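Peer 1: Please see the structure below; I have some questions.
The values are calculated or read from the model by the stated rules, or taken from the named source; none is laboratory data. Predicted, not measured: the structure shown is a model, and the values here were computed from it. Methodologically, a virtual Cβ is constructed for each residue, glycine included, from the backbone with ideal geometry; neighbour enumeration extends over all protein chains shown. Accessible surface is based on the protein model in full, side chains and every heavy atom, while ligands, DNA and RNA are left aside. Shrake-Rupley method; radii C 1.70, N 1.55, O 1.52, S 1.80 Å.
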Amino acid sequence: MLTCKELVANSSDFLDRQLSLRLRLSIRAHLAMCRKCRRFIRQMRLSQAVLRQLPEGQSAELDALAAELARRRRDMR
Ligand SMILES: [Zn+2]
């Protein structure tokens with residue numbers, strides 16, 4: 001039986017469908033029993049979908065925006 005840690009370690013390959021059938025089946029079996037990992041996989045799937053929708057370079061802009069907001073918050077004090 002797969003542990004939660006092993007599932008997490010294989011989760012991105014699982015979502016990319018890069019795993020062998022055997023490993024995929026043990027992950028599915030684990031997910032059927034483990035609510036925590038089901039939630040984890042769902043979150044992973046969501047964030048992958050969001051990332052895929054961002055155009056190239058957008059994440060760099062988001063980083064710059066986050067840095068700018070942090071700087072302004074500092075200035076306000
Ligand atoms: Zn688990």
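Peer 1: Of everything in region 30-48 that's under 16 Å from D13 (Cα atoms) and within 11 Å of the ligand (Cβ to nearest atom), which residue is farthest from the chain's Cα centre (by Cα)?
Peer 2: H30
Peer 1: Another question, then. Here are some conditions: (1) loosely packed, with under 11 Cβ neighbours inside 10 Å; (2) within 16 Å of the ligand (Cβ to nearest atom); (3) not in a helix (DSSP H, G or I). R17 meets all but one. Which one does it not meet?
Peer 2: Failed condition: (2).
Peer 1: Considering region 4-14 alone, what residues qualify as being farther than 24 Å from R52 by Cα and either more than 10 Å from the ligand (Cβ to nearest atom) or surrounded by 11 or more Cβ atoms within 10 Å (Cβ to Cβ) (or both)?
Peer 2: If the condition is that a residue be farther than 24 Å from R52 by Cα and either more than 10 Å from the ligand (Cβ to nearest atom) or surrounded by 11 or more Cβ atoms within 10 Å (Cβ to Cβ) (or both), then C4, E6 are the ones that fit.
Peer 1: So which pairs qualify, if the first residue must be in region 28-48 and open to solvent by 40 Å² or more (accessible area, probe 1.4 Å), the second must be away from the ligand (no atom under 12 Å from the Cβ) and not in a helix (DSSP H, G or I), the Cβ gap must be under 9 Å, and the two must be at least 6 apart or on different chains?
Peer 2: Q48/D16
Peer 1: Report yes if some residue within region 67-74 is within 15 Å of the ligand (Cβ to nearest atom) and either open to solvent by 60 Å² or more (accessible area, probe 1.4 Å) or in a helix (DSSP H, G or I) (or both); otherwise report no.
Peer 2: no
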